[in-house]
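To start, the structure under review is shown below, and the notes come after it.
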Amino acid sequence: VMGSRYVCGRSMSGWAASVRVVLLLALSLATGGSVWSQITGVGGIARDFTVVNRETGEDIHLQDYAGTVLVLDFFAYWCGPCQASSPDLEVNINQYYASRGGNPNGVPVVVLPVNIEQGNEPATDQFIVNAGLDLVANDYARDAYDQFKTGYIPLFIIINGVGGSPSHQQWEVLYRESGYEGA
């Protein structure tokens, strides 16, 4: 979408991608490298964030998902790949694990769709209906998105919310990927 700050999918010309890298490098040098340290990648520990329940207006925090595997699905109504990925995640991840009482270890797996686009509420509402989503969060302040952003949506983040796991730390980012490879 022209004028948008987000690129849907991975199609970016070589020139545009090069300019993006140069700008990020310049910004990183100007800020003493803090731009890179703010992004949480795979193996990093996610910082608590606040998003807003789209229906109730109540705050939702990362810490609310202690004891679960949390899948964040960052989307915008205008993103074509998001229109395919969000309903697929709802059915093949969220509903699948809910119907089985969690993953094979009994840990609940929760998909939290996170809307990053403010402005066209009717189009976003229609996206949510079409995708069959129940709980949706808004992240207009980019509190969550900026922690993980890659510059592209759809963006998927999987976070281990289970404390005392023998294999992963609580709040460890297990997966961070733009684009959609399938549920």
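Suppose R0 equals 22 Å. What FRET efficiency, 1/(1 + (r/R0)^6) with r the Cβ-Cβ distance, do residue 123 and residue 181 give to the nearest 0.05? Intermediate values should be presented prior to the final figure.
On the way: r = 26 Å, r/R0 = 1.17.
Efficiency, from the Cβ-Cβ distance: 0.30.
What is the antiparallel percent of DSSP beta bridges lying wholly in the stretch 91-183, to the nearest 5? Please report the intermediate quantities before stating the final value.
Values: 6 of 8 bridges.
Percentage antiparallel, nearest 5: 75.
Would you work out what percent of the accessible area of the stretch 73-183, with all protein chains in place, is carbon or sulfur (probe 1.4 Å)? Numbers along the way, then the final one.
Numbers: 2350 of 4850 Å².
Reported share for carbon and sulfur atoms: 48 percent.
In square angstrom, what is the accessible area per residue of the stretch 32-95 with a 1.4 angstrom probe?
On the way: 2870 Å² over 64 residues.
Value for the stretch 32-95: 45 Å² per residue.
If you project the alpha carbons of the stretch 37-183 onto their three principal axes, what span does each projection cover, largest first, in Å?
44, 37, 31
So if we plug the beta-carbon distance of residue 168 and residue 64 into 1/(1 + (r/R0)^6) with R0 = 22 Å, what FRET efficiency do we get, rounded to 0.05?
Working: r = 19 Å, r/R0 = 0.86.
That pair, residue 168 with residue 64, gives E of 0.70.
The values are calculated or read from the model by the stated rules, or taken from the named source; none is laboratory data. What you are looking at is a predicted structure, and each value in this text was computed from that prediction instead of being measured. Every residue, glycine as well, gets a Cβ built from its backbone with ideal geometry; the counts of neighbours run over all protein chains shown. To get the accessible areas, we keep the full protein, side chains included, count just its heavy atoms, and leave off ligands, DNA and RNA. Shrake-Rupley method; radii C 1.70, N 1.55, O 1.52, S 1.80 Å.
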